[in-house]
Structures are given as C-alpha cells and as structure tokens.
1. Suppose we filter the range 68-79 for residues that are outside any loop (DSSP other than H, G, I, E, B) and surrounded by 10 or more Cβ atoms within 10 Å (Cβ to Cβ); how many remain?
2. Looking at N85 and the list (1) near ligand 1 (Cβ under 8 Å from one of its atoms); (2) over 17 Å from the mean Cα position of the chain (by Cα), which single condition is not satisfied?
3. In the range 97-128, what count of residues is obtained for those that are farther than 16 Å from M1 by Cα, away from ligand 2 (no atom under 14 Å from the Cβ) and in a loop (DSSP other than H, G, I, E, B)?
4. May I ask you to list pairs of residues, at least six apart or on different chains, whose Cβ atoms are under 7 Å apart, with the first in the range 11-31 being under 24 Å from A67 (Cα atoms) and without any contact (Cβ under 8 Å) to a residue 60 or more places away in the chain and the second being of a type in the set (S, T, Y) and not in a loop (DSSP other than H, G, I, E, B)?
5. Would you tally the residues in the range 1-47 being open to solvent by 70 Å² or more (accessible area, probe 1.4 Å) and within 30 Å of A88 (Cβ to Cβ)?
6. Does any residue in the range 78-96 that is more than 16 Å from I109 (Cα to Cα) come within less than 8 Å, Cβ to Cβ, of a residue that is away from ligand 2 (no atom under 16 Å from the Cβ) and open to solvent by less than 50 Å² (accessible area, probe 1.4 Å) six or more places away or on a different chain, and which pairs are these?
7. For the range 80-115, name all the residues that are farther than 23 Å from L55 by Cβ, open to solvent by less than 40 Å² (accessible area, probe 1.4 Å) and at pLDDT 95 or above.
8. Within the range 40-94, track down each residue that is within 12 Å of I10 (Cα to Cα) and small (G, A, S).
Amino acid sequence: MIGRLNHVAIAVPDLEAAVLIYRDTLGARVSAPQDLPEHGVTTVFVELPNTKIELLAPLGDGSPIAAFLQRVPEGGVHHLCFEVNDIAAAAARLTATGARILGDGRPRIGAHGKPVLFLHPKDFVGTLVELEEA
Ligand SMILES: C[C@@H](C(=O)O)C(=O)SCCNC(=O)CCNC(=O)[C@H](O)C(C)(C)COP(=O)(O)OP(=O)(O)OC[C@H]1O[C@@H](n2cnc3c(N)ncnc32)[C@H](O)[C@@H]1OP(=O)(O)O
Ligand SMILES: [Co+2]
C-alpha cells in the first residue's frame, strides 16, 4: 500500500539555525519557509535527489509539535511521510486493522497541497507516520 518516502520531518526549535545547517554546512537546496497555520507549524523543505527533509518549527498556540520539543529541546526526527495512491482507501484499510488516525480522522491538505493524515506513533513501532496522497 505505501509507496515512496515523501519526506522525513525534523522538529526544530530554531528554523533559521536549522536552515543554516542544511544549506550552508551540508550544502543542500532549501525552500523558503511556509507558514501552515491550520497545521500549527512553519515548514522548510530540504530537497534531496531521492526524498525531502521537512524542517518543522512550532507556529501559534497549541502546535502539535510543542510537547515533542519540550521533551527534545534540541530537536529530533518527528515523523516519516509515505505516499499512497488513494488516501481514503488507505484510511479505511488502516482503521479496519485498529490503527488510530489522529485528529478527526479525515484527511487535511498538507504542505504540498495534497490530502494528508497522521497515524498514532504507538501503533507504528514508536514512529509518527504521515500518509500523503500521491
Ligand atoms: C503539514 C505537514 C505536511 O508534511 O504536509 C506536517 O507534517 S504537519 C506536522 C505536525 N503535525 C502533526 O504532527 C499532526 C499529528 N500529530 C499529533 O496529533 C500529535 O503530535 C501526537 C502524535 C498525537 C502527539 O502529541 P503530543 O506529543 O502532544 O501527545 P503526547 O505527549 O500525549 O504523546 C503521546 C505519546 O506519543 C509519543 N509521541 C508524541 N509525538 C511523537 C513522535 N513524533 N514520534 C514518536 N512518538 C511520539 C509521546 O512520547 C507519548 O508517549 P508516552 O505516552 O510513552 O510518553
Ligand atoms: Co510532514
């Protein structure tokens, strides 16, 4: 069911510092920051030949990454995003197995303008999983 690895997300306390590391120290191509108020994050994408790294900083009150950054103040790997062809079919299959979809269970439009949903890390060997419709 899952296809390509769309991105690996890293939650960071300081987006500018993280951009310097990826752009200047590691020499990667880095996008401009994008505020996504409906997701409570600001994102920067690092473009690699085979996938992307999503740098995530909290935006506004009640950001879903706030508690994570309290636990890991220096930042760390936050989620993996896999592509699926049909997100409604993927959601139906996953809920049938008992996996928990986070939020209201319905896909929302993600950073690439496509529907995304998130799966509870406790159901996926301790890793928060995002699915994005390809
Ligand atoms: C726009 C976009 C895009 O790419 O298109 C994005 O990615 S937006 C990316 C930001 N949006 C999201 O992440 C949306 C989905 N995420 C959420 O709803 C939340 O972050 C949760 C995953 C529910 C976690 O929330 P929070 O940390 O406040 O809850 P909590 O403290 O009760 O955590 C419950 C348990 O899950 C663990 N836990 C929390 N976050 C985790 C993570 N990222 N990876 C692995 N485990 C994690 C905690 O340690 C805790 O374990 P213990 O019970 O053992 O202590
Ligand atoms: Co993501």
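The values are calculated or read from the model by the stated rules, or taken from the named source; none is laboratory data. Computed from a prediction, not measured in an experiment: that's the story for all the values here. Quick reminder, even Gly has a Cβ in these numbers, built from the backbone with ideal geometry, and neighbours come from all protein chains shown. Please note that ligands, DNA and RNA were not included when accessible areas were found on the heavy atoms of the full protein model with its side chains. Shrake-Rupley method; radii C 1.70, N 1.55, O 1.52, S 1.80 Å.
1. 6
2. So N85 meets the others, but not (1).
3. Final tally of qualifying residues: 8.
4. Close Cβ pairs satisfying both conditions: L15/T42.
5. The number of residues fulfilling the criteria is 8.
6. Here the result reads T95/G105, each pair linking the range 78-96 to a residue that is away from ligand 2 (no atom under 16 Å from the Cβ) and open to solvent by less than 50 Å² (accessible area, probe 1.4 Å).
7. V84, I87, A90, A91, L94, A99, I101
8. Once the filter is applied, which keeps residues that are within 12 Å of I10 (Cα to Cα) and small (G, A, S), the range 40-94 yields A57, G75, G76.
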